[in-house]
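Engineer: Below is the structure I would like to discuss, written out as structure tokens.
Bear in mind that the values in this text are calculations on the coordinates, not laboratory data. None of the values given here were measured: they were computed from a predicted structure. FYI the Cβ positions are ideal-geometry reconstructions off the backbone, even for glycines, and counts take in every protein chain you see.
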Amino acid sequence: MRQWDRRLSEITVCIDRYDRERKGSPRWRQQYTLQVEPGMTVLDALHALKETQDATLCYRYSCRMAVCGSCAMLIKGRPALACNTQIQEVAGRTLTLAPMPNFDVVRDLVPDLTRFFEKHRSVQPYLQREDQEELENPSGEYFQSLEQLVNYLQFSYCIRCGLCVSACPTVATSDQYIGPMALAQAHRYNADSRDGGFRSRKTVVDSSSGVFSCHYAGECSNVCPKGVDPARAIQLLKRELVLDYLRLRRPRRPSPLCGPPEHAARFPDIPEPPPRTVDRR
């Protein structure tokens, strides 16, 4: 880790900005001088700049604790979360910030995530079963052992921040490539013992823009802030598809439905859930 010089309380922050409505060039680099202190994150620095120097600066954030993934950007040339990056670990006298590569830009450091989530939606990232009525109106729980949980648990930690996509060289050369996030989530549900949607997802992940376009650079796993390891998920997904092609993949029946445990009752101090706000039909 870079040793922080406590005498350096002032740094230069260089931000790549973008405004499609700006006269002249819509892209430019702007410099700011900022007083910093140990413990300050990149997101803290952006807040300080917006509050004291430039109210027009645009960036996206929400949770401020590396859970939502909203503040993903390019920090000193590396994709990272602004809220989870200490300035003392990445900056000397200068700190450079830019929007994530491989995304269109809405404005300044705000990426356009429309295509990102469209690709995610295309792999059908939800449990699929024949007992659809049970899914919509559950009467019990689906049995799952600890070993079955471990098969997909690591890949369920994805926060959809987009850092893996911004670091992927295949996405940089092919806009049609589904991308590491969506493919890792396809494997996450294929590996879930409660799921039976392998066949329906196969038409998407085994297409010309699917899993076999991955060159296994591994950068997606290097930048993942939650240790999901999408590169590993993609390789496991490739193996499942090859075994299926060779007819060596073991057919799997989704976990059976288990009724409620005997003598189970709702705790009296737990309130009822609020009514649904979205029609799921």
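Engineer: Considering the Cα trace of region 106-167, what is its radius of gyration and what is Dmax, both in angstroms?
Structural biologist: Answer for region 106-167, Rg first and Dmax second: 16.6, 49 Å.
Engineer: Between the DSSP loop rule and a limit of at most 16 other Cβ atoms within 10 Å, which GluC sites (Glu not before Pro) in region 213-275 are left?
Structural biologist: Of the GluC sites (Glu not before Pro), the ones in loops of region 213-275 whose Cβ has at most 16 other Cβ atoms within 10 Å are Glu262.
Engineer: Want the number for Leu248 to Arg29: 0.36 nm per residue separation, take away the alpha-carbon distance, what's left?
Structural biologist: Stretched fully, the Leu248-Arg29 segment lengthens by 73.3 nm.
Engineer: Under the rule of at least 5 residues apart or a separate chain, name every residue whose amide H is placed under 5 Å from the amide H of Thr41.
Structural biologist: Those qualifying (amide H under 5 Å, at least 5 residues apart or on another chain) are Ile87.
Engineer: Here is a follow-up. How far apart, in nanometres, would the label points at Glu10 and Ser208 be if each is projected 7 angstrom from Cα along the Cα-to-Cβ direction?
Structural biologist: 5.8
Engineer: Post the alpha-carbon centroid distance, region 80-140 to region 248-278, in whole angstrom.
Structural biologist: 28
Engineer: Given contacts defined as C-alpha pairs under 8 Å and at least six residues apart, what's the relative contact order of region 1-136, whole-number percent?
Structural biologist: Relative contact order comes out at 27 percent.
Engineer: Run the dipole for the chain about the Cα centre, Lys and Arg Cβ at +1, Asp and Glu Cβ at -1, nothing else charged, and hand back the magnitude in debye, nearest 20.
Structural biologist: 840
Engineer: Among the Cys residues of the chain, which have no other cysteine Cβ under 4.7 angstrom away?
Structural biologist: Cys14, Cys58, Cys71, Cys83, Cys158, Cys161, Cys168, Cys214, Cys224, Cys258
Engineer: Compute, for region 1-103, the length of the dipole vector about the Cα centre, with Cβ point charges of +1 (Lys, Arg) and -1 (Asp, Glu) only. Units Debye, rounded to 20.
Structural biologist: Computed about the Cα centre, the dipole is about 320 debye.
Engineer: Something else about it: If you count, for each residue, the other Cβ atoms within 10 Å and average over each peptide, how do 58-67, 170-179 line up from highest to lowest?
Structural biologist: So the peptides 58-67, 170-179, ranked by packing, come out 170-179, 58-67.
Engineer: Match the structure shown to one of the listed values (i) 0.93; (ii) 1.21; (iii) 1.05 of Cα Rg over 2.2 N^0.38 Å, computed from it, and give that label.
Structural biologist: (ii)
Engineer: What is the Cα coordinate range of region 1-117 on the first, second and third principal axes, sorted by size from largest, in whole angstrom?
Structural biologist: 41, 33, 24
Engineer: I would also like to ask the following. Tell me which of Ala182, Ala98, Phe267 sits at the most positive position along the dipole axis of the chain, charges placed on C-beta atoms (Lys, Arg +1; Asp, Glu -1).
Structural biologist: The Cα lying farthest towards the positive end belongs to Ala98.
Engineer: Moving on. So what is the calculated 222 nm ellipticity per residue for the chain, using -39500 (n - 2.57) for each DSSP H run with n of 4 or more, over all residues, to the nearest 500 deg cm²/dmol?
Structural biologist: Counting only the DSSP helices, I get -8500 deg cm²/dmol.
Engineer: What is the packing order of peptides 38-51, 21-34, taking the mean over residues of other C-beta atoms within 10 Å and listing the highest first?
Structural biologist: Result, highest mean first: 38-51, 21-34.
Engineer: Which of the lysines could a cross-linker span from Lys238 if the Cα-Cα distance has to be under 28 Å and same-chain partners fewer than 8 positions apart are dropped?
Structural biologist: Lys119, Lys202, Lys226
Engineer: Taking N as the number of residues in region 114-255, what value does Rg over Cα atoms divided by 2.2 N^0.38 Å take?
Structural biologist: 1.04
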